[in-house]
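J.: This structure is in structure tokens; I'll ask about it shortly.
The values are calculated or read from the model by the stated rules, or taken from the named source; none is laboratory data. All of these numbers come straight from a predicted model, not from anything done at the bench. Methodologically, a virtual Cβ is constructed for each residue, glycine included, from the backbone with ideal geometry; neighbour enumeration extends over all protein chains shown.
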Amino acid sequence: MRVSLAFGFTAAFATANAQLRGFNYGSTFNNGANKQQSDFEAEFTTAQGLVGASGFTSARLYTMIQGGTTNTPISAIPAAISTKTTLLLGLWASAGSAAFNNEIAALNAAISQYGTSLTDLIVGISVGSEDLYRNSPTGIINKSGVGAQPDELVSYISQVRQAVQGTGASGAVIGHVDTWTAYVNASNNALISACDFLGVDAYPYFQNTIDNDIAGSNATFFDAYDATVGAAQGKPVWVTETGWPVSGPTENLAVASIDNAQTYWKQTACSLLGNINTYWYTLQDAEPNTPSPSFGLVGGPTLSTTPLFDLTCPAGSSGANNSSKSNSSSSGALLISTLTRMRTTVHFSIHTITTSNPIITRITSQTTPTVTTVPTSSPDELSGSYQVPHLIIPIDSSHPETAMGTSYEGIVSPTVSSLFNFDIPTSYAGKTCNLVFLYPDGSQQRWPVYTADSDGGITVQQLAMPASTSTTYSNAPAGKIFGDVKHLDAGQDYTIYSGPCAAGTTLGYRIDSAHGLDMRFFQGISPPLGLFITVS
């Protein structure tokens, strides 16, 4: 269930070695004009001299490419060299493989052109920014733009490792930046495995489907951070974007104001700085125009080292003005602004399902006995060896010819079923595999992770063949009933079937609604929710 705040801090302290402090820098001004070296130098110098805050000597970039060019290295690089600003380099990964090849070309050219003057400043390389969020159902609803699939990002990370091999940047840690909802989605585990670190972007202000007033903002932020730590497979988690707007519209209970931005800084920034690698959003975003909402610590359009509010941290807090190693950078070609799209992550309203003694019917290939089982409590975390679905495909009987494509969610209703593919490793040969449905008590989560609009159960089938992205209701593979959960009960762990592992194969399963269930759930591992295969 919910990872405790104490756990989140402990994990962060153990993994944040450099304790970087910096800001995010786009490659353009908000009127679309491309920034030049002198613009980046002015921003980096201002960050280093910001009144009330010290150690902001690092910069996070979104792209390697100078605006207006095909693959010329961004001018933030020579600006960083001249101002001794360290860099979290970024390669934009949501514009397709041809565009990513240009990012690689710019990276190679920069290393060749600037040599150790650049590579000595690199604290990390981020491949992509919120690509999984943009491809998620929430990102699509909020019109966040085109994203990238996890297998694409894994390939891009491999390309970056090859590009820096044998150069002065070969030792740089390589990671990805996304929202916490992307990381806790079990279908993205392969991407996490490919990373050296995870960058998380978290904005309580935009979480407008929960109580997101400023009073609870610090707790909401660390809930998101802790969830990412819980899904990170032991990898360090950096804070790559967070902040509170100084002006703009009200989002549910979240009011954009200078006073609230100062409160968020005093509580959240002062907890992070010096403990966790942190890139704040943002130094200045009102140049030449003021966006809505506006997150800039410095009012625009003129740069100034005097911020809009007091940035000093309370004595004894980790963010009290001790200088710390930081890196600064700039970039953001194709600034699909973190401000112009909604930050509402997947927050479903919770309806607790109550029942007693659910009955599970297990059906084997030889016989069809009825087995009555009292389910065990749903675990707080997965342990031992397990597999997550590598593809989830909803199909809809009311639109039988429509291929709905991949999803992060399982959807089970009187008209919609969900198909799940699992790749079973060859190492599972001779072992017993358990098909389980884990259904946590979501009332313990600050963020709702499922909705059940009507009570009922599920029927689970094993498919004759795995599903694909072109699978529809009409062409879905035939199935064989494996299990029938008469009534789902929140907080329970259901074993649908146990038997010899089909090692080295891909298996497909289908979940249908039974007895009127209408439910959506976010397949994830923090908390464990959805369909899994475990080994016993």
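J.: Give the number of residues within the range 79-121 that are of a type in the set (V, I, T) and either under 30 Å from the mean Cα position of the chain (by Cα) or not assigned by TED's automatic domain parsing to the domain that holds T45 (or both). Break it down into steps so the answer makes sense when it comes.
T.: Restricting attention to the range 79-121, the residues satisfying the condition of being of a type in the set (V, I, T) are 81, 83, 85-86, 104, 111, 116, 119.
When the remaining residues are screened for being either under 30 Å from the mean Cα position of the chain (by Cα) or not assigned by TED's automatic domain parsing to the domain that holds T45 (or both), the result is 85-86, 104, 111, 119.
So the count comes out to 5.
J.: Ok, one more. If Y473 satisfies all but one of (1) in contact with a His (Cβ under 8 Å, 6 or more places away or on another chain); (2) at pLDDT 90 or above; (3) surrounded by fewer than 16 Cβ atoms within 10 Å (Cβ to Cβ), what's the number of the condition it fails?
T.: Answer for Y473: the failing condition is (3).
J.: Can you go through N185, N218, N208 and tell me which one is crowded, with 24+ Cβ neighbours inside 10 Å and in the same structural domain as Q113 (by TED's automatic domain parsing)?
T.: N185
J.: State whether one or more residues within the range 281-289 are buried (at least 24 other Cβ atoms within 10 Å of the Cβ) and of a type in the set (F, W, Y).
T.: There is no residue in the range 281-289 that is buried (at least 24 other Cβ atoms within 10 Å of the Cβ) and of a type in the set (F, W, Y).
J.: Filter the range 403-427 down to the residues that are outside any strand (DSSP E or B) and either closer than 14 Å to S468 by Cβ or of a type in the set (D, E) (or both) and list them by number.
T.: Within the range 403-427, A403, M404, G405, T406, S407 meet the criteria.
J.: Report yes if some residue within the range 53-60 is buried (at least 24 other Cβ atoms within 10 Å of the Cβ) and in contact with an Asp or Glu (Cβ under 9 Å, 6 or more places away or on another chain); otherwise report no.
T.: Yes, the range 53-60 has at least one match.
Yes or no, residue by residue, for (1) at pLDDT below 95; (2) closer than 20 Å to A202 by Cβ:
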position: S136; (1), (2): yes, yes
position: D151; (1), (2): yes, no
position: S158; (1), (2): no, no
position: H176; (1), (2): no, yes
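J.: Report yes if some residue within the range 227-235 is farther than 19 Å from G55 by Cβ, touching an Asp or Glu at 6+ places or on another chain (Cβ under 8 Å), modelled with pLDDT under 95 and assigned to a helix (DSSP H, G or I); otherwise report no.
T.: So far as the range 227-235 goes, yes, one or more of its residues are farther than 19 Å from G55 by Cβ, touching an Asp or Glu at 6+ places or on another chain (Cβ under 8 Å), modelled with pLDDT under 95 and assigned to a helix (DSSP H, G or I).
J.: Could I ask something else about it? I'd like to know if the range 481-497 contains one or more residues that are at pLDDT 95 or above and closer than 30 Å to D223 by Cβ. Reasoning before the result, please.
T.: Looking only at the range 481-497, we keep the residues that are at pLDDT 95 or above, and these are none.
Among the residues of the range 481-497, not one is at pLDDT 95 or above and closer than 30 Å to D223 by Cβ, which makes the answer no.
J.: Suppose we filter A261, A231 for residues that are closer than 30 Å to L529 by Cβ and under 24 Å from the mean Cα position of the chain (by Cα); which single one remains?
T.: A231
J.: Restricting attention to the range 243-253, and to residues there that are in contact with a strand residue (DSSP E or B) (Cβ under 7 Å, 6 or more places away or on another chain) and buried (at least 20 other Cβ atoms within 10 Å of the Cβ), which single residue is farthest from I276 (Cα to Cα)?
T.: V246
Conditions tested, residue by residue: (1) under 26 Å from T290 (Cα atoms); (2) touching a Ser or Thr at 6+ places or on another chain (Cβ under 7 Å).
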| position | (1), (2) |
| --- | --- |
| G32 | yes, no |
| D39 | yes, no |
| T45 | yes, yes |
| G49 | yes, yes |
| S94 | no, no |
| A109 | no, no |
| D120 | no, no |
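J.: Consider T240 carefully, then state whether it is closer than 26 Å to L311 by Cα and not in a helix (DSSP H, G or I). Please lay out each step first, then the result.
T.: Values: closer than 26 Å to L311 by Cα: yes; not in a helix (DSSP H, G or I): yes.
When the stated conditions are applied, T240 passes them.
J.: Turning to a different aspect of this structure: Could you tell me whether the range 497-509 includes any residue that is closer than 23 Å to G405 by Cα, among the β-branched types (V, I, T) and surrounded by fewer than 20 Cβ atoms within 10 Å (Cβ to Cβ)?
T.: Scanning the range 497-509, I find at least one residue that is closer than 23 Å to G405 by Cα, among the β-branched types (V, I, T) and surrounded by fewer than 20 Cβ atoms within 10 Å (Cβ to Cβ), so the answer is yes.
J.: Limited to the range 522-536, what total is found for residues that are within 17 Å of the chain's Cα centre (by Cα) and either part of a strand (DSSP E or B) or at pLDDT 85 or above (or both)?
T.: 5
Residue-wise test of (1) part of a loop (DSSP other than H, G, I, E, B); (2) in contact (Cβ under 8 Å) with a residue 12 or more places away in the chain; (3) under 20 Å from D213 (Cα atoms).
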residue	(1), (2), (3)
K266	no, yes, yes
A269	no, yes, yes
G274	yes, yes, no
Q284	yes, yes, no
P291	yes, yes, no
G296	yes, yes, yes
L311	yes, yes, no
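J.: Name the residue that is nearest to M519 (Cα to Cα), counting only residues in the range 394-414 that are hydroxyl-bearing (S, T, Y) and in contact (Cβ under 8 Å) with a residue 24 or more places away in the chain.
T.: At the first step, the residues of the range 394-414 found to be hydroxyl-bearing (S, T, Y) are 397-398, 402, 406-408, 413.
Keeping just the survivors that are in contact (Cβ under 8 Å) with a residue 24 or more places away in the chain gives 397, 402, 406-408, 413.
Working: S397: 16, T402: 20, T406: 17, S407: 14, Y408: 14, S413: 6 Å.
Top of the filtered list is S413.
J.: Just a yes or no: is a residue in the range 496-507 within 20 Å of I393 (Cβ to Cβ) and among the aromatic types (F, W, Y)?
T.: Scanning the range 496-507, I find no residue that is within 20 Å of I393 (Cβ to Cβ) and among the aromatic types (F, W, Y), so the answer is no.
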